[in-house]
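Bear in mind that the values in this text are calculations on the coordinates, not laboratory data. Since we're looking at a predicted model, the values are computed, not measured. Every residue, glycine among them, receives a Cβ derived from its backbone with ideal geometry; neighbour counts consider all protein chains shown.
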Amino acid sequence: MSIWEYANPKKFMALSAGALPWTVGLTVLLLATGLVWGFFFTPDDYRQGSTVKIIYLHVPAAMMAINAWIMMLVTSLIWIIRRHHVSALAAKAAAPVGLTFTLVALVTGALWGQPMWGTWWAWDPRLTSFLILTLFYLGYIALWAAIEDPDTAADLTSILCLVGSVFALLSRYAVNFWNQGLHQGASLSLDKQENVADVFWLPLVVSIAGFILLFFTMVLLRTRTEIRSRRLKALLARERVA
Amino acid sequence: MKALLLRDLRLALRSGGGFGLGLAFFFLLSVLVPLGVGPEGGMLGRIAPGILWVGALLACLLSLDRIFALDQEDGSLDLLATAPIPLEAVVAVKACAHWLVTGLPLTLIAPGLGVLLNLPPGGYGWLVLSLFLGTPALSVIGAFGAAVTVGLRRGGLLLSLLVLPLYVPTLIFGAEVVRRGTGGMALATPLALLAAISLGAAALLPFAAASAIRVNLR
């Protein structure tokens with residue numbers, strides 16, 4: 001019994017079918033709790049007023065935007081090394097979700113930045129790296145869409161994901177070097193001093209947990225769809241031969 | 001390897017090889033930018049480092065799809081893949097040939113275009129040096145992008161989309177060197193990082209590009 005047994009599509013489908021209702025339920029519960037708590041039952045910040053509440057969407061979305069790419073990197077590596085199709089399909093399934101989170105982070109940031117910084121957009125390192133991350137996601141998704149043969153597409157996108165990760169990291173440091181930031185420091189950190197105040201912290205953690213589960217659920221769902229469409233294609237091909 | 005290099009250079013230099021395209025684009029950009037933003041010298045001098053670097057980058061981008069696509073069309077890429085030299089070396093040689101016909105000429109004409117853009121006197125040496133160190137990275141990264149998209153019939157747009165984010169660090173450090181050079185500031189850090197990107201890309205990306213070609217030829 002090893003984790004690789006779940007690389008078998010049949011086992012994956014069975015397990016994920018059992019898990020999905022639970023993850024959907026938990027996602028809804030956590031997101032509802034975190035967001036409602038955050039939006040309606042936390043005090044206004046003494047300087048930012050009620051605009052601070054966008055943090056409950058912005059921070060989790062931004063975190064997941066980066067983590068989704070890391071997940072794609074891991075699954076791409078698994079595909080390259082062990083050639084499990086579920087892994088490649090999970091990477092494919094995660095990309096649009098990650099792109100959406102990136103856009104959510106950018107848009108909520110702009111909405112917050114307009115009243116607070118007085119501008120929708122600034123060439124701040126964090127904002128710039130997110131824009132670059134958007135380009136990486138777009139390129140990755142476009143490459144998947146452009147290639148017809150699924151194995152070729154999986155191989156090429158995996159290579160792109162590996163190379164892209166290195167350059168994404170490089171860009172992160174390059175833009176830090178290139179401009180001083182307007183963006184505040186991390187809202188969450190292991191160092192307690194840097195954290196936001198406790199009243200904001202608890203609902204934030206709940207919404208982050210909700211976003212993580214949301215990502216997990218979406219990837220499961222989308223991977224299942226990919227597997228089904230792959231099966232459908234195989235069936236159609238068989239029918240044409242017969 | 002030498003034969004391959006000479007063959008690529010000859011193909012690029014003969015008519016229809018697209019050798020002049022990048023240079024002409026670079027030249028046009030440097031003429032059009034002052035017409036567009038106005039002739040005021042101080043401002044032109046301030047934006048010149050960035051404009052020249054962006055121009056060089058886009059000029060490089062123009063000829064990327066020729067690196068492998070033409071060879072794939074006439075079948076010589078299959079021959080190269082089965083040739084006694086490793087595919088990684090083929091990629092490296094082709095990237096080198098691309099640099100010799102785009103990056104190097106761009107570097108050489110850049111000071112002349114710097115005059116058009118009113119680049120301050122302190123910047124010329126750094127402009128040439130930064131382009132000399134940075135354009136190899138552009139060619140190698142571009143060769144990787146071309147290798148990934150070689151199997152696609154209309155890969156041009158996709159190629160740009162894939163390659164642009166990969167170009168970001170090179171562009172930032174390259175333009176930063178020139179900007180600091182014109183301002184007389186310390187520039188050892190961006191210069192070293194720029195060289196590091198070029199060397200790292202030249203050392204590692206041929207492997208990634210070669211594996212992408214193998215996938216595409218499968």
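Is it possible to state the helix-based mean residue ellipticity at 222 nm for the protein assembly as shown, with each DSSP H run of 4+ residues giving -39500 (n - 2.57), the sum divided by total residues, to the nearest 500 deg cm²/dmol? What is it? Rounded to the nearest 500, the figure is -27500 deg cm²/dmol. From Cα pairs below 8 angstrom and at least 6 apart in sequence, can you work out the relative contact order of segment B:117-218, rounded to a whole percent? About 45 percent, as a whole number.
Angle between the Cα long axis of helix A:9-40 and the longest principal axis of chain A, 0 to 90 degrees, nearest 10? Roughly 10 degrees, rounded to the nearest 10.
With K and R counted +1 and D and E -1, the other residues having a Cβ less than 10 Å from that of B:P49 yield a net charge of +2.
Taken residue by residue and averaged, Cβ atoms of other chains lying within 10 Å of the Cβ of B:24-30 number 0. Annotation for segment B:1-105: trypsin sites (Lys or Arg not before Pro) lying in DSSP loop with at most 16 further Cβ atoms inside 10 Å of their Cβ are B:R14. Taking Cβ atoms as reference points and 12 Å as the exclusive limit, the residues near A:A90 contribute a net charge of +2, counting Lys and Arg as +1 and Asp and Glu as -1.
As a size descriptor, the averaged projected area of the C-alpha convex hull of chain B was calculated at 11.6 nm². Across the protein assembly as shown, counting alpha-carbon atoms alone, Rg and Dmax equal 24.8, 75 Å. Straight-line cross-link partners of B:K94 among the lysines, defined as a Cα under 26 Å from its Cα and at least 8 positions apart when in the same chain: B:K2. Which log10 I(q)/I(0) values, to two decimals, does chain A give at q = 0.08, 0.12 Å⁻¹ under the Debye formula with one point per Cα? Each listed q maps to, in turn, -0.36, -0.78.
Helix B:188-217 and the long axis of chain B differ in direction by around 20°, with both axes built from C-alpha atoms.
Among the chymotrypsin sites (Phe, Trp or Tyr not before Pro) found in segment A:82-120, those both in a DSSP coil and sparsely packed, with 15 or fewer other Cβ atoms within 10 Å of their Cβ, are A:W120. Ranking of A:T152, A:T42, A:T119 by neighbouring Cβ atoms within 10 Å, starting from the fewest: A:T119, A:T152, A:T42. Take every Cα pair under 8 Å whose residues are at least 6 apart in sequence, average their separation, divide by the length of chain B, and the relative contact order is 27 percent. Between the DSSP loop rule and a limit of at most 10 other Cβ atoms within 10 Å, which chymotrypsin sites (Phe, Trp or Tyr not before Pro) in segment A:1-42 are left? Counting only loop positions with at most 10 other Cβ atoms within 10 Å, the chymotrypsin sites (Phe, Trp or Tyr not before Pro) in segment A:1-42 are A:F41. Could you pull out every one of the lysines with an alpha carbon less than 30 Å from that of A:K92, ignoring same-chain neighbours closer than 8 positions? Output for A:K92: A:K10, A:K11, A:K233.
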